[in-house]
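Everything on this sheet refers to the single structure shown next.
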Amino acid sequence: MRFCHALSTALTALTFAATLLIGTPAVAQSLEASERAPLNGPVIQRIRERQALTIAYHPNMAPFSLLGDDGQPTGYTIDLCKIIASQLVTQLDMKLMDIRWVKTNTRSRFDAIESGEADLECSATSNTLDRQRRFAFSLTTFIQGATFAVRNDANLEKLEHLSSKKVAVVRDSTTSKLLKQAIASGQMQATLVEAKSFEAAANMLANKDVDAIAGDRLVMFDQLIRSKLGTRFRLLPQDFAPEYYAVMMAPNDPDFRWAVNATLSRTYRTPVIGELFQRWFGSLNQPGQLMEALYFTQAFPE
């Protein structure tokens, strides 16, 4: 209880400080500091040669990345990456830079970065220690929890009610890895069924082939309300693991990673980030203190 009270007090203080800080001037603040030394590296050279920034995205990760009504990529992470792209023109002293989009899925997003087909991956990708061995990640862009969806008519209210049940999860996702570890260590007694997509997992649940689906709360919430199956399912109130989202990129260009992080950090100081959050998550009534603290603690000084 003491820890919870201390955490609440700290978050309240950070929220107040973030409110003061977010009122300060904007993304363009102090770009001269970034121009003191020229930025270079293999990814930056590739961007200069192409005169384009190539961004990989998953179209079914709303509200983080999706296709808009105009058929173009949009979403919370997409909007952040558009800000990164606009600042790269100045940071790399380029007169012109296009944005090219590469549509990927849960598995091919990693191949796109590893092969050099894409320079950034902007969806809902979790930053994990295992992935850090192969890729570089930006500052954290979002934190959320993983949870379970069950049928409305099922007598399942808590995580412990899933003991000895069948749980569907998207193959190769961080949630899949977490659940495999939990089952292997005996922390969870359930049978894991891997699906190629969330839609496939949802159909398994609708057909009663499984008892629950596991995944990131906001992504599942959005996909459920967009699907015809949404009214038949509900999310359990508890989260079983945090997910730390970030922009993914190749590990061999620290200058490029710095340019990405400098733009994110400067954006976190401004009202722009609050506007983005409200645009994409405000209607979901998610708690704001944790995210405000996240933005504040990553708004590094120049």
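Just so you know, all these numbers are worked out from the coordinates, no wet-lab data involved. Small disclaimer: the values here were computed from a predicted structure and weren't measured. Cβ atoms come from the backbone with ideal geometry, glycine included; neighbour counts cover every protein chain shown.
Cross-link pairs exceeding 31 Å between alpha carbons, from the set K82/K180; K166/K228; K103/K158: K82/K180; K103/K158.
Sequence-distant contacts, meaning Cα pairs under 8 Å at least 6 residues apart, place the relative contact order of the chain at 29 percent. Using Cβ point charges alone (K and R +1, D and E -1), the dipole size of the chain about the Cα centre works out to roughly 580 debye. Positive-end ranking of S163, Q87, L53 along the dipole of the chain, with charges on Cβ about the Cα centre, is headed by S163. Placing +1 on the Cβ of every Lys and Arg and -1 on the Cβ of every Asp and Glu, with no other charges, gives the range 145-242 a dipole of roughly 160 debye about its Cα centre. Over the residues of the chain, the helix contribution to mean residue ellipticity at 222 nm works out to -12000 deg cm²/dmol, using -39500 (n - 2.57) for each DSSP H run of at least 4. When the trypsin sites (Lys or Arg not before Pro) in the range 124-189 are filtered for DSSP coil states and for at most 16 other beta-carbon atoms within 10 Å of their beta-carbon, the remaining sites are R134, K158, R171. Summarising the amide proton neighbourhood of S197: residues at separation of 5 or more, or on other chains, whose placed amide H is nearer than 5 Å comprise R171. Please check which bits of the range 115-149 a label hung off K82 would reach, taking the label as a point 7 Å along Cα-to-C-beta and the cut-off as backbone N under 17 Å. Inside the label zone: 121-124. Between A62, A195, A124, the residue with the greatest mean-square fluctuation in the GNM of the chain (Cα pairs under 10 Å linked by springs) is A195. A full extension of the chain between I183 and L290 corresponds to an added length of 35.6 nm, given 0.36 nm per residue minus the alpha carbon distance.
To the nearest 0.05, what FRET efficiency results for Q132 and N152 with a Förster distance of 35 Å applied to their C-beta separation?
Computed FRET efficiency for Q132 and N152: 0.35.
Once semi-axes √(5λ) of the Cα gyration tensor in Å is worked out from the coordinates, which option in [x] 66, 18, 15; [y] 28, 26, 16; [z] 35, 23, 17 does it equal? The calculated read-out lines up with [z]. Computed from phi, the 3J(HN,Hα) profile of the range 57-67 under the Karplus parametrisation 6.51, -1.76, 1.60 (θ = phi - 60°) reads 8, 9, x, 10, 10, 4, x, 8, 8, 7, 8 Hz, with x in place of Gly and Pro. 3J(HN,Hα) along the range 149-166, derived from phi through the Karplus expression 6.51 cos²θ - 1.76 cosθ + 1.60 where θ = phi - 60°, amounts to 10, 10, 6, 4, 8, 8, 8, 10, 10, 10, 4, 5, 6, 8, 4, 6, 9, 9 Hz, with x in place of Gly and Pro. Centre-to-centre, using Cα atoms only, the range 256-283 and the range 93-140 are separated by 18 Å.
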